[in-house]
Amino acid sequence: MPSDQRPQLIWDLPLRLWHWALVICLAGSWITAEAGFEWTQTHFYFGYTALALVLFRLTWGVFGTLHSRYASFVVSPMRVFRYLKNIGSNPTSAGHNPLGGWASALIVGLIGLQASLGLFISDDIFYAGPYNSVVSDHTADALAGWHHRIFTLIQIALVMHLAAVGWHTWGLKERLIQAMFHGKKNLHESAGNQEISEHRATIALVLMVLATLAVTALVYFAPAPVFDDFY
(Lines give C-alpha, C1' and ligand atoms only; values in the text may rest on other atoms or scores of the structure.)
Protein backbone atom coordinates (compact mmCIF):
# COMPACT_ATOMS: atom_id res chain seq x y z
CA MET A 1 0.00 0.00 0.00
CA PRO A 2 1.41 3.47 -0.89
CA SER A 3 2.64 5.52 2.07
CA ASP A 4 0.09 8.27 1.38
CA GLN A 5 -2.81 5.86 1.79
CA ARG A 6 -4.37 4.28 4.84
CA PRO A 7 -7.24 1.82 5.31
CA GLN A 8 -10.50 3.33 6.50
CA LEU A 9 -13.69 1.54 7.52
CA ILE A 10 -16.25 2.50 4.87
CA TRP A 11 -18.81 -0.28 4.56
CA ASP A 12 -20.74 -1.16 7.72
CA LEU A 13 -21.34 -4.78 8.70
CA PRO A 14 -25.12 -4.75 8.00
CA LEU A 15 -24.51 -3.57 4.43
CA ARG A 16 -21.87 -6.24 3.85
CA LEU A 17 -24.12 -8.99 5.21
CA TRP A 18 -26.97 -7.67 3.06
CA HIS A 19 -24.76 -7.68 -0.03
CA TRP A 20 -23.73 -11.33 0.32
CA ALA A 21 -27.24 -12.40 1.33
CA LEU A 22 -28.53 -10.82 -1.89
CA VAL A 23 -25.83 -12.60 -3.91
CA ILE A 24 -26.94 -15.95 -2.44
CA CYS A 25 -30.58 -15.07 -3.01
CA LEU A 26 -30.04 -14.17 -6.67
CA ALA A 27 -28.00 -17.30 -7.28
CA GLY A 28 -30.69 -19.40 -5.62
CA SER A 29 -33.43 -17.74 -7.64
CA TRP A 30 -31.57 -18.35 -10.88
CA ILE A 31 -30.77 -21.99 -10.08
CA THR A 32 -34.29 -22.84 -8.93
CA ALA A 33 -35.81 -21.13 -11.96
CA GLU A 34 -33.76 -23.40 -14.22
CA ALA A 35 -33.83 -26.56 -12.07
CA GLY A 36 -37.32 -27.73 -12.92
CA PHE A 37 -40.91 -27.75 -11.78
CA GLU A 38 -40.25 -29.32 -8.38
CA TRP A 39 -38.16 -26.32 -7.33
CA THR A 40 -40.89 -23.76 -8.01
CA GLN A 41 -41.90 -23.32 -4.37
CA THR A 42 -38.27 -22.80 -3.36
CA HIS A 43 -38.01 -20.23 -6.14
CA PHE A 44 -40.93 -18.37 -4.56
CA TYR A 45 -39.17 -18.39 -1.18
CA PHE A 46 -36.07 -16.87 -2.74
CA GLY A 47 -38.31 -14.21 -4.28
CA TYR A 48 -39.87 -13.36 -0.92
CA THR A 49 -36.41 -13.16 0.63
CA ALA A 50 -35.21 -10.86 -2.16
CA LEU A 51 -38.18 -8.58 -1.58
CA ALA A 52 -37.41 -8.38 2.15
CA LEU A 53 -33.76 -7.61 1.38
CA VAL A 54 -34.79 -4.83 -1.01
CA LEU A 55 -37.10 -3.32 1.62
CA PHE A 56 -34.25 -3.43 4.11
CA ARG A 57 -31.85 -1.75 1.67
CA LEU A 58 -34.31 1.05 0.96
CA THR A 59 -34.68 1.82 4.66
CA TRP A 60 -30.97 1.35 5.31
CA GLY A 61 -30.36 3.89 2.59
CA VAL A 62 -32.02 6.41 4.91
CA PHE A 63 -31.09 5.23 8.41
CA GLY A 64 -27.75 3.53 7.74
CA THR A 65 -24.21 4.78 8.14
CA LEU A 66 -22.80 7.56 5.96
CA HIS A 67 -21.68 5.59 2.90
CA SER A 68 -24.77 3.35 2.96
CA ARG A 69 -27.16 6.28 2.55
CA TYR A 70 -28.50 6.99 -0.91
CA ALA A 71 -28.03 10.71 -0.31
CA SER A 72 -24.27 10.12 -0.21
CA PHE A 73 -23.93 8.42 -3.61
CA VAL A 74 -27.02 9.04 -5.79
CA VAL A 75 -25.76 12.26 -7.35
CA SER A 76 -26.79 14.56 -10.15
CA PRO A 77 -26.38 13.49 -13.82
CA MET A 78 -23.82 16.28 -14.24
CA ARG A 79 -21.54 14.71 -11.62
CA VAL A 80 -21.87 11.37 -13.36
CA PHE A 81 -20.95 13.02 -16.68
CA ARG A 82 -17.87 14.67 -15.13
CA TYR A 83 -16.86 11.33 -13.65
CA LEU A 84 -17.18 9.61 -17.04
CA LYS A 85 -15.10 12.32 -18.73
CA ASN A 86 -12.21 11.55 -16.40
CA ILE A 87 -12.80 7.82 -15.98
CA GLY A 88 -9.60 6.04 -15.05
CA SER A 89 -8.04 9.15 -13.52
CA ASN A 90 -10.59 9.95 -10.84
CA PRO A 91 -9.44 9.65 -7.22
CA THR A 92 -10.68 6.64 -5.28
CA SER A 93 -14.14 7.31 -3.90
CA ALA A 94 -14.73 6.58 -0.25
CA GLY A 95 -18.11 4.97 -0.96
CA HIS A 96 -19.73 4.42 -4.33
CA ASN A 97 -18.38 6.53 -7.16
CA PRO A 98 -21.00 8.60 -9.07
CA LEU A 99 -21.58 5.94 -11.72
CA GLY A 100 -21.46 3.03 -9.28
CA GLY A 101 -23.99 4.73 -7.03
CA TRP A 102 -26.59 4.90 -9.77
CA ALA A 103 -25.74 1.34 -10.88
CA SER A 104 -26.30 0.10 -7.33
CA ALA A 105 -29.67 1.85 -7.09
CA LEU A 106 -30.67 0.46 -10.50
CA ILE A 107 -29.86 -3.13 -9.53
CA VAL A 108 -31.79 -2.86 -6.27
CA GLY A 109 -34.74 -1.33 -8.13
CA LEU A 110 -34.75 -4.07 -10.77
CA ILE A 111 -34.60 -6.82 -8.16
CA GLY A 112 -37.44 -5.23 -6.20
CA LEU A 113 -39.55 -4.95 -9.34
CA GLN A 114 -38.73 -8.53 -10.35
CA ALA A 115 -39.70 -9.92 -6.94
CA SER A 116 -42.89 -7.84 -6.88
CA LEU A 117 -44.01 -9.12 -10.29
CA GLY A 118 -43.51 -12.67 -9.04
CA LEU A 119 -46.32 -12.12 -6.56
CA PHE A 120 -48.85 -12.00 -9.41
CA ILE A 121 -47.83 -14.77 -11.80
CA SER A 122 -48.72 -18.46 -12.07
CA ASP A 123 -47.58 -21.60 -13.86
CA ASP A 124 -51.28 -22.29 -14.61
CA ILE A 125 -51.02 -25.73 -12.98
CA PHE A 126 -49.99 -26.00 -9.34
CA TYR A 127 -48.07 -22.91 -8.27
CA ALA A 128 -49.15 -19.28 -8.19
CA GLY A 129 -47.95 -16.09 -6.58
CA PRO A 130 -50.00 -14.98 -3.58
CA TYR A 131 -51.71 -12.19 -5.55
CA ASN A 132 -52.30 -14.07 -8.78
CA SER A 133 -56.03 -14.29 -8.05
CA VAL A 134 -56.47 -10.50 -7.94
CA VAL A 135 -55.48 -10.01 -11.60
CA SER A 136 -56.93 -11.39 -14.80
CA ASP A 137 -55.27 -14.22 -16.71
CA HIS A 138 -54.30 -11.75 -19.44
CA THR A 139 -52.65 -9.43 -16.91
CA ALA A 140 -50.90 -12.33 -15.17
CA ASP A 141 -49.47 -13.50 -18.52
CA ALA A 142 -48.27 -9.98 -19.31
CA LEU A 143 -46.63 -9.67 -15.89
CA ALA A 144 -45.00 -13.07 -16.35
CA GLY A 145 -43.50 -11.82 -19.60
CA TRP A 146 -42.08 -8.80 -17.83
CA HIS A 147 -40.84 -11.07 -15.04
CA HIS A 148 -38.66 -12.87 -17.60
CA ARG A 149 -37.58 -9.71 -19.40
CA ILE A 150 -36.56 -7.93 -16.21
CA PHE A 151 -34.53 -10.96 -15.16
CA THR A 152 -32.61 -10.57 -18.42
CA LEU A 153 -32.01 -6.91 -17.54
CA ILE A 154 -30.79 -7.98 -14.09
CA GLN A 155 -28.36 -10.42 -15.71
CA ILE A 156 -27.01 -7.67 -17.97
CA ALA A 157 -26.71 -5.26 -15.04
CA LEU A 158 -24.87 -7.86 -12.96
CA VAL A 159 -22.42 -8.64 -15.76
CA MET A 160 -21.67 -4.93 -16.09
CA HIS A 161 -21.35 -4.68 -12.30
CA LEU A 162 -18.87 -7.57 -12.18
CA ALA A 163 -16.89 -6.08 -15.06
CA ALA A 164 -16.67 -2.73 -13.26
CA VAL A 165 -15.66 -4.40 -10.00
CA GLY A 166 -12.99 -6.40 -11.84
CA TRP A 167 -11.62 -3.28 -13.51
CA HIS A 168 -11.46 -1.34 -10.24
CA THR A 169 -9.99 -4.32 -8.38
CA TRP A 170 -7.30 -5.44 -10.80
CA GLY A 171 -6.97 -2.45 -13.11
CA LEU A 172 -7.13 0.43 -10.62
CA LYS A 173 -5.95 -1.67 -7.63
CA GLU A 174 -8.84 -0.57 -5.40
CA ARG A 175 -9.56 -4.05 -3.95
CA LEU A 176 -13.31 -3.63 -3.97
CA ILE A 177 -13.99 -7.34 -3.47
CA GLN A 178 -11.92 -7.47 -0.28
CA ALA A 179 -13.62 -4.30 0.95
CA MET A 180 -17.00 -6.01 0.80
CA PHE A 181 -15.64 -8.60 3.26
CA HIS A 182 -13.76 -6.48 5.79
CA GLY A 183 -15.37 -3.11 5.03
CA LYS A 184 -12.13 -1.14 4.59
CA LYS A 185 -10.82 0.82 1.62
CA ASN A 186 -7.37 2.33 1.13
CA LEU A 187 -7.84 6.07 0.72
CA HIS A 188 -5.36 8.86 0.08
CA GLU A 189 -4.60 11.09 3.05
CA SER A 190 -5.85 14.01 0.95
CA ALA A 191 -9.35 12.52 1.10
CA GLY A 192 -9.46 13.27 4.81
CA ASN A 193 -11.19 11.12 7.37
CA GLN A 194 -14.08 9.29 5.66
CA GLU A 195 -14.19 6.44 8.17
CA ILE A 196 -17.43 5.42 9.85
CA SER A 197 -17.33 5.03 13.62
CA GLU A 198 -20.24 2.62 14.14
CA HIS A 199 -22.18 -0.14 12.39
CA ARG A 200 -25.65 0.68 13.78
CA ALA A 201 -26.25 -3.04 14.09
CA THR A 202 -29.24 -2.68 16.42
CA ILE A 203 -31.04 -0.35 14.01
CA ALA A 204 -30.19 -2.69 11.13
CA LEU A 205 -31.60 -5.69 12.99
CA VAL A 206 -34.84 -3.85 13.73
CA LEU A 207 -35.18 -2.77 10.10
CA MET A 208 -34.50 -6.29 8.83
CA VAL A 209 -37.06 -7.77 11.21
CA LEU A 210 -39.64 -5.18 10.10
CA ALA A 211 -38.90 -5.88 6.42
CA THR A 212 -39.26 -9.63 7.02
CA LEU A 213 -42.53 -9.17 8.91
CA ALA A 214 -43.87 -6.90 6.16
CA VAL A 215 -43.19 -9.48 3.43
CA THR A 216 -44.49 -12.31 5.62
CA ALA A 217 -47.73 -10.40 6.23
CA LEU A 218 -47.98 -9.55 2.53
CA VAL A 219 -47.84 -13.24 1.65
CA TYR A 220 -49.79 -14.65 4.60
CA PHE A 221 -52.78 -12.31 4.28
CA ALA A 222 -52.98 -12.54 0.48
CA PRO A 223 -56.16 -13.93 -1.14
CA ALA A 224 -56.14 -17.69 -1.62
CA PRO A 225 -54.97 -18.74 -5.12
CA VAL A 226 -57.69 -19.88 -7.50
CA PHE A 227 -57.07 -22.72 -9.96
CA ASP A 228 -59.29 -24.21 -12.61
CA ASP A 229 -60.66 -27.68 -11.88
CA PHE A 230 -59.61 -30.48 -14.20
CA TYR A 231 -61.61 -33.71 -14.43
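General remarks:
- Within this structure, Arg175 fails the test of being at pLDDT 90 or above and either of a type outside the set (A, V, I, L, M, F, W, C) or touching a strand residue (DSSP E or B) at 6+ places or on another chain (Cβ under 8 Å) (or both).
- Taking the numbered list (1) modelled with pLDDT of 95 or more; (2) of a type outside the set (A, V, I, L, M); (3) surrounded by fewer than 16 Cβ atoms within 10 Å (Cβ to Cβ) in turn, Asp4 passes all entries but (1).
- Criterion (in a helix (DSSP H, G or I), exposed (fewer than 15 other Cβ atoms within 10 Å of the Cβ), over 20 Å from the mean Cα position of the chain (by Cα) and at pLDDT 95 or above) met by exactly one of Thr202, Thr139, Thr216: Thr202
- Within region 43-87, the set of residues being assigned to a helix (DSSP H, G or I), free of Cβ contacts under 8 Å to residues at least 60 places away in the same chain, closer than 27 Å to Asn193 by Cα and not hydrophobic (A, V, I, L, M, F, W, C) comprises Arg57, Gly61, Ser68, Tyr70, Ser72, Pro77, Arg79, Arg82, Tyr83, Lys85.
- Selected residue [surrounded by 15 or more Cβ atoms within 10 Å (Cβ to Cβ), within 25 Å of Gly95 (Cβ to Cβ) and modelled with pLDDT under 90] from His161, His168: His168
- Scanning region 5-36 for residues that are closer than 25 Å to Val206 by Cβ, assigned to a helix (DSSP H, G or I) and not aliphatic (A, V, I, L, M) gives Pro14, Arg16, Trp18, His19, Trp20, Cys25.
- Any hit, region 112-135, residues being of a type in the set (S, T, N, Q) and closer than 29 Å to Trp20 by Cβ: yes
The values are calculated or read from the model by the stated rules, or taken from the named source; none is laboratory data. Quick caveat, the model's predicted, so the values are computed rather than measured. With ideal geometry, Cβ positions are generated from the backbone for all residues, glycine too; neighbour counts draw on all protein chains shown.
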